[in-house]
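Notes to accompany the following structure.
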Amino acid sequence: MSAVFSIVKAVLMDRNVIIAAIGVVLYLNFVAYVQSYHKKPPKLRTIRRPPVQAVSEESEKNDTDTQPDSVPAKSQESSGAKKENNKRKT
């Protein structure tokens, strides 16, 4: 048994074996790095816009008053009548 241990010790302490082991470890680390590498996504370029001004309640009321009165709002009756006509057609 002692002869086997002395041979294993001599092989492991050999300079060529140590250099080869270090080379293999470095190579495996490099392969693992390349395999797990993820390219960073490009940074999104933001367009600088002027700051938005706050809208006061008075200006909102003015905006609703300036809408044209010529467009009538849809009533519930007209949509109900359309549904009845569609049912009759089918």
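Observations on the structure shown:
- Boolean, residue 72 is open to solvent by 90 Å² or more (accessible area, probe 1.4 Å) and either among the hydrophobic types (A, V, I, L, M, F, W, C) or modelled with pLDDT of 80 or more (or both): no
- Residues within region 11-58 that are assigned to a helix (DSSP H, G or I), loosely packed, with under 10 Cβ neighbours inside 10 Å and small (Gly, Ala, Ser), tallied: 1
The values are calculated or read from the model by the stated rules, or taken from the named source; none is laboratory data. Predicted model only: the values in this text are computed from it and were never measured. Neighbour counts run over all protein chains shown; Cβ positions are idealised from the backbone, glycine included. Protein only, heavy atoms only, side chains kept; ligands, DNA and RNA dropped before computing areas. Shrake-Rupley method; radii C 1.70, N 1.55, O 1.52, S 1.80 Å.
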